[in-house]
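Student: Shown below is the structure under consideration.
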Amino acid sequence: MSDIETSQERIICNGRLLSDENFDGEPLGRETQMARLRACLHPMLRGEEPMNASLYGPPGTGKTTVARWVMDDVCASGSQRIGVYVNCWQHRTLYSVLQGIIDELKVLVSEAQDTNFKFGRIKQAFRDKPAVIILDEIDRPMPSQREEIIYGLLNLPRTGLICIGNSTRALAMLDERVRSRLNPILIEFLEYSMSEIEKILADRARQALTPRTWAPDHLKSIASAAGGDARAAIQMLRRVAAAAEMKGGETLDTQLIDLYSPQHQAIQRWSRFEALSEHEKIIWELAAQRGPLGTTELRRRYGEYCRGRELQPIAKRTFSKYLSRLSSAGVLRISARPMTPGGRMVQVEQP
Ligand SMILES: Nc1ncnc2c1ncn2[C@@H]1O[C@H](COP(=O)(O)OP(=O)(O)OP(=O)(O)O)[C@@H](O)[C@H]1O
Ligand SMILES: [Mg+2]
């Protein structure tokens, strides 16, 4: 074994637990959301159809983890209940979602069959048991495709849907009839607090890192750099541990944490930028086209932009709300005090 291989074993002892997909432990600090989702699925225990739910919140707040955990708990394999997970980022049409469900159920159907045939096979496989389908990243398909997916699946007998997205906007845009049929229980996921992130990191470090190679203070520094995003925090823990090993160190290293922080924050800003709504992105782009400018001027440019594209502009109050959101997402900097007469000064933070 080479020197690097020997030293690589010193800090990380179970690296797969630091990757995004492999963790299947109980989510920490999400008791309220778990209880609410469990209540939606509870009718399944009596053989009845579950209630539809919508889980929403910013990236890395545990939506996918919680939904999978609760579904797996209620629909343990071999039970009288069916649970299926579909990622709508990978499956963006009804046809593809149905294929995703068929693949998960391990039902043999040749790919070329049409939608009705696929529906028939899924009903057969459900065998009239109560079922729940997680539609993760439901905000990714185009609105018309999204509507077709939800409307189609609502027709499956005794089946409930758990829709997951960064906001409720994707569901609010559905046609009135589909929306009222879906009528989901809303379950919000706010960003984690620093102490929650520290607990999640400590739990992960206990399982993935060798004892005595890390200390609570290391995790505190990582948590404060990562913000309220658990994915970002775990990724950073992994990078810092791997870099400390490569350096031949025996513990995590504060200097490395500092080194990775700014780099990490830039990546995080990008992922936050991706999560913005259409009008938030327009506002950011208009601000990015200029140096610092006042809010009044930015709003004037925004109105002009919308008129030029026959877009319905958002109201003045919403505009101010969006500005605060862009500022708390770390993609816009807004001066604390107004500069008369142009309002407060706005400047972009480059992602
Ligand atoms: N409460 C938690 N306990 C333990 N680990 C967690 C918890 N919340 C999130 N994580 C970890 O953080 C990572 C991201 O979580 P998850 O995928 O559930 O976030 P998400 O809200 O679905 O994000 P996105 O909107 O980007 O899809 C996962 O690797 C998961 O293991
Ligand atoms: Mg997710």
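The values are calculated or read from the model by the stated rules, or taken from the named source; none is laboratory data. Bear in mind the structure is a predicted one, so any value in this text is a computation, not a measurement. With ideal geometry, Cβ positions are generated from the backbone for all residues, glycine too; neighbour counts draw on all protein chains shown.
One line per residue, one yes/no per condition, for (1) charged (D, E, K, R); (2) in contact with a Pro (Cβ under 7 Å, 6 or more places away or on another chain); (3) touching a residue at least 24 places away in the same chain (Cβ under 8 Å); (4) farther than 19 Å from Ala67 by Cα:
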residue: Glu137; (1), (2), (3), (4): yes, no, yes, no
residue: Tyr151; (1), (2), (3), (4): no, no, yes, yes
residue: Pro157; (1), (2), (3), (4): no, no, yes, yes
residue: Asn183; (1), (2), (3), (4): no, no, yes, no
residue: Ser193; (1), (2), (3), (4): no, no, yes, yes
residue: Ala215; (1), (2), (3), (4): no, no, yes, yes
residue: His218; (1), (2), (3), (4): no, no, yes, yes
residue: Ala225; (1), (2), (3), (4): no, no, yes, yes
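Student: If I go through segment 114-156 residue by residue, how many of them are among the aromatic types (Phe, Trp, Tyr) and at pLDDT 95 or above?
Tutor: First, the residues of segment 114-156 that are among the aromatic types (Phe, Trp, Tyr): 117, 119, 126, 151.
Still in the list and also at pLDDT 95 or above: 151.
The number of residues fulfilling the criteria is 1.
Student: Of the numbered conditions (1) away from ligand 2 (no atom under 16 Å from the Cβ); (2) out of contact with any Phe, Trp or Tyr (no Cβ under 6 Å at 6 or more places or on another chain), Thr115 satisfies every one except a single condition; which is it?
Tutor: Of everything listed in (1) away from ligand 2 (no atom under 16 Å from the Cβ); (2) out of contact with any Phe, Trp or Tyr (no Cβ under 6 Å at 6 or more places or on another chain), Thr115 misses just condition (2).
Student: State all residues of segment 185-211 that are closer than 17 Å to Gly62 by Cα and among the β-branched types (Val, Ile, Thr); if no residue qualifies, say none.
Tutor: Of segment 185-211, the ones closer than 17 Å to Gly62 by Cα are 186-204.
If the condition is that a residue be closer than 17 Å to Gly62 by Cα and among the β-branched types (Val, Ile, Thr), then Ile187, Ile197, Ile200 are the ones that fit.
Student: Of all residues in segment 206-232, count the ones that are among the small types (Gly, Ala, Ser) and either outside any helix (DSSP H, G or I) or more than 12 Å from ligand 1 (Cβ to nearest atom) (or both). Explain how you work it out, then say what you get.
Tutor: Quick first cut of segment 206-232, residues among the small types (Gly, Ala, Ser) only: 208, 215, 221, 223-228, 230, 232.
Among the residues that remain, those that are also either outside any helix (DSSP H, G or I) or more than 12 Å from ligand 1 (Cβ to nearest atom) (or both) are: 215, 221, 223-225, 227-228.
Count: 7.
Student: Go through segment 38-80 and report how many residues are part of a helix (DSSP H, G or I), more than 14 Å from Ile133 (Cβ to Cβ) and more than 16 Å from ligand 2 (Cβ to nearest atom).
Tutor: The total comes to 7.
Student: Just to be sure I understand, how many residues within segment 1-37 are assigned to a loop (DSSP other than H, G, I, E, B), within 9 Å of ligand 1 (Cβ to nearest atom), modelled with pLDDT of 75 or more and of a type outside the set (Asp, Glu)?
Tutor: Number of matching residues: 7.
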